[in-house]
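Below: one structure, written as structure tokens.
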Amino acid sequence: MAITPVWFLHSRTAFDYNLMVSFFAWFLYAYLRYRTDSARFLYPALLFGALTFYSYTPGQALMLAGGVALLILDLRYHWQQRRTALPAAVFLIALAAPYLRFRIEHPQDVLTQLRQLDSYWLHSLPISEKLSQFFSLYARSLSPAYWYLPHAEDLPRHSMDGFGHILWVTFPFALLGLVQTLRRMRSVAHRILLVALLVTPVGAAIVGLGVTRAMAFVIPAALLTGLGIEDVVQYAGRRLRPLAAHLVLFAILAAGSLGLLATALRNGPLWYRDYGMGGMQFGAQQIFSAAEEYLEANPDSRVLISANWANGTDVLLRFFFPDGAPVYQTSTNALLEERQELSDEPLLILTANEVDELRASPKVGELRTLGSIPYPDGSPGFYLLHMTYSAVADELFAQERAARLRPVVETITVDGERMTVEHPYFDSGGAEHLFDGDTYTFVRGFEANPLVLRLAFDLPRPLRALRLTTGSMDFSLVVRLYAAGEEEPVVSTATYEGLPPDPTVEMVFGDPPLAVARLEIEILHLNAGESAKIHVRELVLE
């Protein structure tokens, strides 16, 4: 494991897939002890299996597939150990209880995760094509070429440049160990190892191949390699003293581990030249150290730091600074979409690309550079600067705001009927997403509060009620129904507070017109001012 590049790289991070791999290793150990030593090891096996399941989403597929396989293959043994296995089944139910409760309270969570990951299982494809993609991804996840040869399939930060995910020189030993395992299938331990090897790619095959999703593969790969090395050492031990053979092996493995460390420290910063969001995400220590130095010299000032150079920059901010520190996140969109308060000359720390955007904008007056933070290859990374708005900035902001407040009119077809939808500017989604039957899609008003939707039907229709799914907020709802040729509406109102996340509410109209020609829906965010980004996920008219 210490000379496996992908594990060497990721074991130095705090990501959840490392927990999954570690717990999976302990699960295999405990289950092997259960099958070959003592039945009491079933309890730690179940515990570590549950920890594997809970630690990372692909671990759920891994443990489901592996658990079912081991249950069936070892069914006779489980029955022989029923005095232990039956109480252990109760323990397993207790371990599963938090997940069962979660699924009951959040039944759509699995589908939501698959949607976020754009799994092909949710695409409009024939089942045969979905199965074909699954087995194709599964086969690729087991491919020696994927694991042992350098490639660019994974993000740069998940690979060591010039290395495969596993050292290619160890492949002959892994192959030797696999041959030995297949030849000794009657052996319980070898059969369990083969099951572990075959179930590790399942999580990746459901969504898409990525080394983080399939990383549990390194555990059975390391064990197979160990079996192959053991054969070679035993062969060498016939010609050398066993102690000498083991010392040589230790020296080789230790040198390999130290060699990986030296290579990473010496060459790691220059492996890849994409240091931004899609690449190495360089700069946390440098940026926040610069912010700390500036605040020490200017204790009454603020620091605004770009949020667009790494994942989870809000978490990094909380790591480096206590709550309440005058350090905030910003972006060029925030600076250029609406005028920000910069009269106290806060320090801006922005990427070089963001600074280029500001320089190109007529809204920006002066950009005074105080310093810079280069990337490891010496190219410009971040700039420390003060910014002022130009003399025409207010006029430009006003023009853009007026343009956004002008109603947008769309004509769409819902259930075969045409309707016209008038709404304020959406910065995400379109009118068709209101009626697509999918609460994952949504429209988002850029700033209007209340958000007003005006719907007009080509053919007047009866309306009894509406169901509305919004983003998480307390809000009031006003619905005005207009009969054909009438100017006075029938009005229904309601206020909703303390709702669960992304709530769905239903409003039943008291005395609606027999045929509604148009209606107006007004959604007011109760805890925001005149400007708010109101999300509407779904609208159903009944």
Inside region 253-306, can you point out the residues that are of a type outside the set (Gly, Ala, Ser), surrounded by fewer than 12 Cβ atoms within 10 Å (Cβ to Cβ) and more than 17 Å from residue 9 (Cα to Cα)? 285, 296, 299, 300
Which number in (1) closer than 21 Å to residue 424 by Cβ; (2) in contact with a Gly (Cβ under 9 Å, 6 or more places away or on another chain) marks the one condition that residue 490 misses? (1)
Taking the residues in region 421-454 that are of a type in the set (Asp, Glu) and farther than 15 Å from residue 522 by Cβ as candidates, determine which candidate is surrounded by the most Cβ atoms within 10 Å (Cβ to Cβ). 447
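Among the helices (runs of 4 or more DSSP H) confined wholly to region 104-220, which include 1 or more residues that are within 30 Å of residue 438 (Cβ to Cβ) and aliphatic (A, V, I, L, M)? If you could, list the steps in order and put the result at the bottom.
Numbers: elements: 109-116, 127-141, 144-148, 171-183, 188-199, 202-207.
Passing ranges, in order: 109-116, 127-141, 202-207.
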May I ask you to list the residues in region 387-420 that are of a type outside the set (Gly, Ala, Ser), within 22 Å of residue 344 (Cβ to Cβ) and buried (at least 16 other Cβ atoms within 10 Å of the Cβ)? 387, 389, 397
Go through region 307-348 and give me each residue that's closer than 26 Å to residue 391 by Cβ, in contact with a helix residue (DSSP H, G or I) (Cβ under 9 Å, 6 or more places away or on another chain) and in contact (Cβ under 8 Å) with a residue 40 or more places away in the chain. 335, 337, 338, 339, 342, 347, 348
Which number in (1) in contact (Cβ under 8 Å) with a residue 60 or more places away in the chain; (2) farther than 29 Å from residue 279 by Cα marks the one condition that residue 226 misses? (1)
In the set 447, 417, 410, 422, the lone residue that is acidic (Asp, Glu), under 30 Å from residue 114 (Cβ atoms) and in contact with a strand residue (DSSP E or B) (Cβ under 7 Å, 6 or more places away or on another chain) is 410
Residues 103, 35, 76: which one is more than 19 Å from residue 208 (Cα to Cα), without any contact (Cβ under 8 Å) to a residue 24 or more places away in the chain and touching an Asp or Glu at 6+ places or on another chain (Cβ under 9 Å)? 103
May I ask you to verify whether residue 25 is in a helix (DSSP H, G or I), touching a residue at least 60 places away in the same chain (Cβ under 8 Å) and not acidic (Asp, Glu)? yes
Which residue pairs have Cβ atoms closer than 7 Å, lie 6 or more positions apart in sequence or on different chains, and pair a first residue in region 241-256 that is within 20 Å of residue 2 (Cα to Cα) and outside any loop (DSSP other than H, G, I, E, B) with a second residue that is modelled with pLDDT under 90 and β-branched (Val, Ile, Thr)? 245/233; 246/233; 249/233
Quick check on this structure: which one of 364, 443 is closer than 16 Å to residue 337 by Cβ and β-branched (Val, Ile, Thr)? 364
Based on this model, can you work out whether residue 186 counts as under 30 Å from residue 53 (Cα atoms), exposed (fewer than 15 other Cβ atoms within 10 Å of the Cβ), without any contact (Cβ under 8 Å) to a residue 60 or more places away in the chain and out of contact with any Asp or Glu (no Cβ under 6 Å at 6 or more places or on another chain)? yes
For region 117-153, enumerate the residues that are more than 12 Å from residue 208 (Cβ to Cβ) and in contact (Cβ under 8 Å) with a residue 24 or more places away in the chain. 135, 142, 144, 146, 147
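Only one of 1, 63 is hydrophobic (A, V, I, L, M, F, W, C), out of contact with any strand residue (DSSP E or B) (no Cβ under 7 Å at 6 or more places or on another chain) and outside any helix (DSSP H, G or I). Can you tell me which? Talk me through it step by step, then tell me what you get.
Numbers: 63 fails: outside any helix (DSSP H, G or I).
It is 1.
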Within region 5-22, count every residue that is in contact with a Ser or Thr (Cβ under 8 Å, 6 or more places away or on another chain) and not in a helix (DSSP H, G or I). 1
Could you check, for region 326-340, whether at least one of its residues is within 29 Å of the chain's Cα centre (by Cα), among the aromatic types (Phe, Trp, Tyr) and under 26 Å from residue 268 (Cα atoms)? no
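Within region 121-147, track down each residue that is under 28 Å from residue 224 (Cα atoms) and hydroxyl-bearing (Ser, Thr, Tyr).
First pass over region 121-147, keeping only residues under 28 Å from residue 224 (Cα atoms): 133-147.
Result: 136, 138, 141, 143, 146.
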Go through region 87-109 and report how many residues are in contact with a helix residue (DSSP H, G or I) (Cβ under 8 Å, 6 or more places away or on another chain) and under 15 Å from residue 64 (Cβ atoms). 5
A careful count of residues in region 286-316 that are within 23 Å of the chain's Cα centre (by Cα) and either under 17 Å from residue 382 (Cα atoms) or β-branched (Val, Ile, Thr) (or both) gives 10
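The values are calculated or read from the model by the stated rules, or taken from the named source; none is laboratory data. Model, not experiment: these values are computed from the prediction. Positions of Cβ are backbone-derived with ideal geometry, glycine not excepted, and every protein chain shown enters the neighbour counts.
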